[in-house]
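Asker: Quick one: structure below, then a few questions.
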Amino acid sequence: MEGVDKGVVVVPIFLVERRFAEDLEASAEAADRINRINEEEGVRWLYSFLSADKRKTYCLYEAPFADAIRRAAERAGLPADSIIEVTGVVLPDGSRARIPEEVAAD
C-alpha cells in the first residue's frame with residue numbers, strides 16, 4: 001500500500017457502549033478475566049468511562065474487527081449494545097486528528 005511503512009500495523013479503534021441492568025462494580029479479578037479473554041480474541045481494552053449511575057460504560061478497544069469484540073464480550077458475559085469504529089477525533093480548537101495511531105509491529 002502506498003504511504004504505509006513495512007513493519008507498521010494500523011489497528012482499528014472501536015467505541016463500545018454497554019448497558020447494565022444493575023450497578024457495575026469493577027474489580028481487579030474481573031478485569032484480569034476480561035483481559036485474558038480479550039487477548040485470546042485479538043482484542044485490546046484501552047479504557048472505559050463509567051456513567052454516574054454506574055449502569056452504562058463507554059469503552060475504547062483496539063481490535064481487528066467488530067466481531068472480535070462481540071465474541072469476547074459474549075465469552076465474558078458482557079453486553080455489547082453498540083460497537084462503532086472510530087477513525088478520527090475533533091479537538092477543542094476545531095482541528096481534527098486521525099486515529100488510530102500507527103503501531104510498530106512486534
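Asker: With respect to I84, determine if the residue is of a type in the set (V, I, T) and at pLDDT below 95. Break it down stepwise before answering.
Answerer: Values: of a type in the set (V, I, T): yes; at pLDDT below 95: no.
Against the criterion (of a type in the set (V, I, T) and at pLDDT below 95), I84 does not qualify.
Asker: Quick check on my filter: what residues within the stretch 33-92 are under 19 Å from V9 (Cα atoms) and β-branched (V, I, T)?
Answerer: Of everything in the stretch 33-92, those that are under 19 Å from V9 (Cα atoms) and β-branched (V, I, T) turn out to be V43, I69, V86, T87.
Asker: Answer yes or no: is there a residue in the stretch 7-17 that is in contact (Cβ under 8 Å) with a residue 60 or more places away in the chain, out of contact with any His (no Cβ under 7 Å at 6 or more places or on another chain) and farther than 25 Å from V89 by Cβ. Can you show your working first?
Answerer: Within the stretch 7-17, the subset in contact (Cβ under 8 Å) with a residue 60 or more places away in the chain is 7-17.
In the following step, the residues that additionally are out of contact with any His (no Cβ under 7 Å at 6 or more places or on another chain) were identified as 7-17.
Cutting the leftovers down to farther than 25 Å from V89 by Cβ gives us 7.
Yes: the stretch 7-17 contains one or more residues that are in contact (Cβ under 8 Å) with a residue 60 or more places away in the chain, out of contact with any His (no Cβ under 7 Å at 6 or more places or on another chain) and farther than 25 Å from V89 by Cβ.
Asker: Being hydrophobic (A, V, I, L, M, F, W, C) and in a loop (DSSP other than H, G, I, E, B) is the filter; apply it to the stretch 73-90 and report the residue that is surrounded by the most Cβ atoms within 10 Å (Cβ to Cβ). Full working, then the answer.
Answerer: Step one: filter the stretch 73-90 for residues hydrophobic (A, V, I, L, M, F, W, C), giving 73, 76, 78, 80, 83-84, 86, 89-90.
After this cut, where a residue has to be in a loop (DSSP other than H, G, I, E, B) as well, the list is 78, 80.
Values: L78: 18, A80: 20.
Checked the stretch 73-90; the qualifying residue surrounded by the most Cβ atoms within 10 Å (Cβ to Cβ) is A80.
Asker: For the stretch 28-63, which residues satisfy the criterion of being under 10 Å from the mean Cα position of the chain (by Cα) and among the acidic types (D, E)?
Answerer: Selection gives E62 alone.
Asker: For residues that are β-branched (V, I, T) and under 14 Å from L78 (Cα atoms), tally how many sit in the stretch 6-42. Walk me through it before giving the result.
Answerer: Keep residues of the stretch 6-42 that are β-branched (V, I, T), which gives 8-11, 13, 16, 34, 37.
From the residues that got through so far, the ones that are under 14 Å from L78 (Cα atoms) too are 16, 34, 37.
Total satisfying the criteria: 3.
Asker: Restricting to the stretch 51-72, name every residue that is surrounded by 16 or more Cβ atoms within 10 Å (Cβ to Cβ) and either out of contact with any helix residue (DSSP H, G or I) (no Cβ under 7 Å at 6 or more places or on another chain) or closer than 21 Å to I99 by Cα (or both). Even if it seems obvious, please write down each step before you answer.
Answerer: Taking the stretch 51-72 as the starting set, the residues that turn out to be surrounded by 16 or more Cβ atoms within 10 Å (Cβ to Cβ) are 56-57, 59-63, 66, 68-72.
The answer is K56, T57, C59, L60, Y61, E62, A63, A66, A68, I69, R70.
The values are calculated or read from the model by the stated rules, or taken from the named source; none is laboratory data. Note that the structure is a prediction, hence the values are computed from the model and not measured. Glycine gets a Cβ as well: all are built from the backbone with ideal geometry, and neighbour counts include every protein chain shown.
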